[in-house]
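Working notes, beginning with the structure itself.
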Amino acid sequence: MLKLTKRIEYALISLNHINHYGDKSPVKTKDIAKIYNLPQEILAKTLQKLSGENIIASVHGRNGGYILNMSMDDINLMDFIEAIEGPFGIVDCNINKDCQQIEHCNIKSPIKKINDNLKNIFKKIKLTEIT
């Protein structure tokens, strides 16, 4: 089954929340975790990753938290997924060339086509469309 990881889900939930409430003041990790019943430790690491990718900015201090660092219109779903999870691939051989079956694989070409088509679709989806 092809599905988004929990980190992607948590990141999307967080970005949606920050987008709606972060213009007044920075949003704290613990507040997002509490409101949406998310594990705070995993959420904190996910938000740190988004901050490292400059999607959100970390505001330090007593009233600190996270704010958006770029417009949601400027981020497509594929770039977002790859910023959090690394290269996109529906099977390992699309991102890792160490597959032992690669020389004998009879589905390599159609799988690559599916993977490329999915990437192109995800590139056309802006985060504003899904948050």
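The values are calculated or read from the model by the stated rules, or taken from the named source; none is laboratory data. In this text, all values refer to a predicted model and were calculated from it rather than measured experimentally. As a convention, Cβ positions derive from the backbone with ideal geometry for all residues, glycine included, and neighbour counts pool all protein chains shown. Accessible surface areas use protein heavy atoms only, side chains included; no ligands, DNA or RNA. Shrake-Rupley method; radii C 1.70, N 1.55, O 1.52, S 1.80 Å.
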Selection from region 113-131 of residues that are open to solvent by less than 50 Å² (accessible area, probe 1.4 Å) and among the aliphatic types (A, V, I, L, M):
118, 125, 127
Are there any pairs with C-beta distances below 8 angstrom linking a residue in region 1-23 that is of a type in the set (Ser, Thr, Tyr) and at pLDDT 95 or above to a residue that is surrounded by fewer than 14 Cβ atoms within 10 Å (Cβ to Cβ) and assigned to a helix (DSSP H, G or I), with the two at least 6 apart or on different chains, and if so which?
10/42
Taking the conditions exactly as written (aliphatic (A, V, I, L, M) and either in contact with a Leu (Cβ under 7 Å, 6 or more places away or on another chain) or over 30 Å from residue 115 (Cβ atoms) (or both)), does residue 83 satisfy them or not?
no
Could you grab me the full set of residues in region 57-82 that are under 12 Å from the mean Cα position of the chain (by Cα) and under 16 Å from residue 13 (Cα atoms)?
75, 76, 77, 80, 81
Confirm whether residue 31 is within 14 Å of residue 69 (Cβ to Cβ) and out of contact with any helix residue (DSSP H, G or I) (no Cβ under 8 Å at 6 or more places or on another chain).
no
Being under 17 Å from residue 19 (Cβ atoms) and touching a Gly at 6+ places or on another chain (Cβ under 6 Å) narrows it down to one residue among 84, 56, 67; which is it?
67
Could you list, in sequence order, all residues of region 44-63 that are open to solvent by 40 Å² or more (accessible area, probe 1.4 Å) and either in contact with a helix residue (DSSP H, G or I) (Cβ under 7 Å, 6 or more places away or on another chain) or not basic (Lys, Arg) (or both)?
48, 49, 52, 53, 54, 58, 59, 60, 61, 63
Residue 66, sole failed condition from (1) surrounded by 18 or more Cβ atoms within 10 Å (Cβ to Cβ); (2) under 23 Å from residue 122 (Cβ atoms)
(2)
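Yes or no: region 105-112 includes at least one residue that is more than 29 Å from residue 16 (Cα to Cα), touching a residue at least 12 places away in the same chain (Cβ under 8 Å), part of a helix (DSSP H, G or I) and open to solvent by 80 Å² or more (accessible area, probe 1.4 Å).
yes
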Taking region 1-43 and keeping residues within 24 Å of residue 126 (Cβ to Cβ), open to solvent by 60 Å² or more (accessible area, probe 1.4 Å) and of a type in the set (A, V, I, L, M) leaves 2, 4
